[in-house]
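The values are calculated or read from the model by the stated rules, or taken from the named source; none is laboratory data. Predicted model only: the values in this text are computed from it and were never measured. Here the Cβ is made from the backbone with ideal geometry for all residues, glycine too, and neighbour counts use every protein chain on show.
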Amino acid sequence: MFADYTMGELGAIFAMQGFAGLILFSVFVLMALGLAIIFGQMGVINMAHGEFMILGANVTYLTSNLFANYIPSLFSIYFFLAMILAFFVTAALGMLVEWSLIRHLYKRPLDTLLATWGLSLILQQVYRSVFGAREVGVTIPEWMMGSLPLTDLIEIPINGIFVMVLAVGISTAVYIMMFRSSWGKQVRAVTQNRVMAGAVGINTERTDRLTFGIGCGVAGVAGSAFTMIGSTGPTAGQLYIVDTFLVVVFGGAASLLGTIASAFSISQAQSIMEFFLSGSMAKVLTLLTVVGILMLRPQGLFALKLRK
Amino acid sequence: MLLKGNRFFSTSDLVGFAILAVLIFVILPVGLDTFRLNLFGKYLTYAFVAIGLVLCWGAGGILSLGQGVFFGLGGYCMAMFLKLEASSPEATKIQSTPGIPDFMDWNQLTELPLWWEPFHSLTFSLFAVIVIPVVFAFIIGVAMFRRRVGGVYFAIITQAIAAILTILIIGQQGYTGGVNGITDLRTLKGWDIRTDDAKVLLYFVNGALLFVCLFIAQLIRKSKLGRILIAMRDQEDRVRFSGYDVANFKIFVFCAGAAFSAVGGAMFTLQVGFMSPSFVGIVPSIEMVIFCAVGGRLSIIGAVYGALLVNLAKTTFSELFPELWLLGLGAVFIAVVLAFPNGLAGLYKDHVEPRLLALFKKKMGDDGSAEDFDAIKTAAE
């Protein structure tokens, strides 16, 4: 199958395919980061994670409309404001959900799964009623369109680079929050031993609420970033949820580095196989490999050494 | 009194079975026209899955989000046989390759794939309906439970398996019928399954099979095995330290759940006349869990009512108020988890049964068994 291509073309194909893999990687990282906080740290299975991302996307859509209609002069930078708004709106909803739903279920993880699935159905219907059943796309500011020609054959889309930069930025922020701030210490203390953390004076309820909120907020930012590379419909969140959970579980639930490593390997495997096989078979093979590896090594790639 | 408890069936179990039998074999067939009866038959096929989930999840503590996989595998095995019978060379002579299923012809396949060949035989197909899903469940079970993967991780991985199978079926259109599934099924050994008579008969076959599964489930629940399952759910380590091989029990109950689901899937294909990936994936699999949760995750009889009620509500609401259905279903998920963790069966046990027993005792005091029937009827309502 390679005979028809020259060496230069082959190199270009691999470079472009590798770059497509990198964009997919950034997308996976963005999706998985919020979940790594909520599932990895708190142990809560949030099946509505995808819907929080869609909320972020919808906030971005509304902001872009607002800017286009009222302050078109600032349209080129609306996206930054939209991301901040998306973070706070989804974080607020997340905290509300934690307060009304999740906090009653910390001891019953399987039940959180069902409850948040119910929540996701409700959110989907709300989106459908408010924004319509069709997919909505936002207008991308001009500087983000087009692509950078690297050589004659290799071109790199600018919005792809933007998403990658964003993924790196948010991962760093999450890393600093989790492992370098006193809040992160509290979160880890609460997840490792709730009673003891309470005994040394950590307000466990507040920590839980904040953690869940921030996890959802990161999902919102991820959703916001998605609008740059595709359109979003009310049920799009459901499509991502399995991938996202697999990324987090495959990486080793409590490890941030593991999440990133697994996002990288899954996305690269998928985009490289997509070149040789049909898209659906590439996906099947990737998921099968991940499930297979998880059966052999249930603790994931990067496991914390813990005594239970 | 006729209904006397024994080791496997307490009196209240027997009453529950009797009421359900009256509902399924008398009230529904008498009260409904063939179309509605067929619809209820379809709902009851989901009850098979729900019973399996009561065993796995309620008793064993293993939440599988991939029961749709087994339902689908059972259904596809049945559908493949029916499809081959419907695609005889005479019936398909307008195709470019007569004698193969129409979707294969559309996808430029010129001969039947090898793995379809055995499905010419009804015996093999019926055998496959049970064996293929069980073997599949066994492989998953051995791989997961031997390595002590449980709880949340098991749920996520079974969900991923459901996703994989759906993508595979949709992607391999030429071999599986793709997103439309296997449609246009006509006869079973020359017997037209689309006529009203056939539908009524299939409904009763379905009901009878459901009772077989209910009895098996009840035996499992009430045997020593069932007690070990519950002990395992509550204190897995203690059971392991007592010398039991926990993994084997889990594998067994997971396989049993898969077998029940597969029977349900096959009956679904027969009654509805097609099978498609929309009954395999993540969404249907989680909905199957909610049938079980609504009915009461600890009660096998409750699971049947749960499947009936949720599906009835789904049909009714999605016809009348399509916008409200998802909101309602979502609310049911949340309510079942937060407010009624034991579902309908729990409500019945807490509120209806004590009063019923009190009523029973009072009436027994002055009149005896003549009033029993009234009490049973009240329970049915």
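In region A:98-111, what residues are within 8 Å of chain B (Cβ to nearest Cβ) and either outside any loop (DSSP other than H, G, I, E, B) or within 21 Å of the chain's Cα centre (by Cα) (or both)?
Result: A:H104, A:P109, A:L110, A:D111.
Can you tell me how many residues within region B:39-58 are within 14 Å of chain A (Cβ to nearest Cβ) and in contact with a Leu (Cβ under 6 Å, 6 or more places away or on another chain)?
Summing the residues that are within 14 Å of chain A (Cβ to nearest Cβ) and in contact with a Leu (Cβ under 6 Å, 6 or more places away or on another chain) in region B:39-58 gives 2.
Can you tell me which residues in region B:167-180 are assigned to a helix (DSSP H, G or I) and more than 7 Å from chain A (Cβ to nearest Cβ)? Lay out the reasoning, then the answer.
Narrowing region B:167-180 to residues assigned to a helix (DSSP H, G or I): B:167-171, B:173-176, B:178-180.
Residues satisfying the conditions are B:I169, B:Q173, B:G174, B:Y175, B:T176, B:G178, B:V179, B:N180.
Looking at B:V304, B:V294, B:V283, B:V289, which one is farther than 30 Å from B:G190 by Cα, in a helix (DSSP H, G or I) and free of Cβ contacts under 8 Å to residues at least 12 places away in the same chain? Break it down stepwise before answering.
On the way: B:V304 fails: free of Cβ contacts under 8 Å to residues at least 12 places away in the same chain; B:V294 fails: free of Cβ contacts under 8 Å to residues at least 12 places away in the same chain; B:V289 fails: free of Cβ contacts under 8 Å to residues at least 12 places away in the same chain.
Exactly one of B:V304, B:V294, B:V283, B:V289 is farther than 30 Å from B:G190 by Cα, in a helix (DSSP H, G or I) and free of Cβ contacts under 8 Å to residues at least 12 places away in the same chain, namely B:V283.
Pick from region A:170-226 the residues that are of a type in the set (S, T, N, Q) and outside any helix (DSSP H, G or I): which of them is farthest from A:I45 (Cα to Cα)? Give the derivation first.
So the first thing to find is which residues in region A:170-226 are of a type in the set (S, T, N, Q), and the list is A:171-172, A:181-182, A:186, A:191-193, A:203-204, A:207, A:211, A:224.
Imposing the further condition that a residue be outside any helix (DSSP H, G or I) reduces the set to A:181, A:193, A:203.
Details: A:S181: 24, A:N193: 19, A:N203: 22 Å.
Once the filter is applied, the top-ranked residue is A:S181.
Has region B:329-340 got any residue that is touching a Lys or Arg at 6+ places or on another chain (Cβ under 9 Å), without any contact (Cβ under 8 Å) to a residue 12 or more places away in the chain, buried (at least 21 other Cβ atoms within 10 Å of the Cβ) and in a helix (DSSP H, G or I)?
no
Among the residues of region B:143-159 satisfying the criterion of being farther than 20 Å from A:L287 by Cβ and facing chain A (nearest Cβ under 9 Å), which is surrounded by the most Cβ atoms within 10 Å (Cβ to Cβ)? Talk me through it step by step, then tell me what you get.
Just the residues of region B:143-159 that are farther than 20 Å from A:L287 by Cβ, to begin with: B:145-146, B:148, B:150-151.
Subsequent filtering for residues that are facing chain A (nearest Cβ under 9 Å) retains B:148, B:151.
On the way: B:R148: 13, B:G151: 15.
Going through the qualifying residues, I end up with B:G151.
Can you tell me which residue in region B:297-313 is farthest from B:F211 (Cα to Cα), limited to those that are within 14 Å of chain A (Cβ to nearest Cβ) and among the small types (G, A, S)?
Taking the candidates together, the pick is B:A313.
Taking the stated definitions as given, is B:I164 modelled with pLDDT of 90 or more, more than 8 Å from every other protein chain (Cβ to nearest Cβ) and assigned to a helix (DSSP H, G or I)?
Details: modelled with pLDDT of 90 or more: yes; more than 8 Å from every other protein chain (Cβ to nearest Cβ): no; assigned to a helix (DSSP H, G or I): yes.
So B:I164 fails the test.
Taking region A:140-167, which residues are in contact (Cβ under 8 Å) with a residue 60 or more places away in the chain, within 16 Å of A:M83 (Cβ to Cβ) and either of a type in the set (V, I, T) or touching a Gly at 6+ places or on another chain (Cβ under 6 Å) (or both)?
Listed by number, the residues that qualify are A:I140, A:V163.
Determine which member of the set A:R134, A:R108 is exposed (fewer than 15 other Cβ atoms within 10 Å of the Cβ), free of Cβ contacts under 8 Å to residues at least 24 places away in the same chain and within 26 Å of A:D243 (Cβ to Cβ).
Within the list A:R134, A:R108, the selection yields A:R108.
So how many residues does region A:260-294 have that are among the hydroxyl-bearing types (S, T, Y) and within 14 Å of chain B (Cβ to nearest Cβ)? Break it down into steps so the answer makes sense when it comes.
From region A:260-294, those among the hydroxyl-bearing types (S, T, Y) are A:262, A:265, A:267, A:271, A:278, A:280, A:286, A:289; that's our starting set.
If we keep only those that are within 14 Å of chain B (Cβ to nearest Cβ) too, we end up with A:262, A:278, A:280, A:286, A:289.
Residues flagged as among the hydroxyl-bearing types (S, T, Y) and within 14 Å of chain B (Cβ to nearest Cβ) within region A:260-294 amount to 5.
Out of B:L39, B:L23, B:L65, B:L55, report the one residue that is out of contact with any His (no Cβ under 8 Å at 6 or more places or on another chain) and not in a helix (DSSP H, G or I).
Sole residue among the options that is out of contact with any His (no Cβ under 8 Å at 6 or more places or on another chain) and not in a helix (DSSP H, G or I): B:L65.
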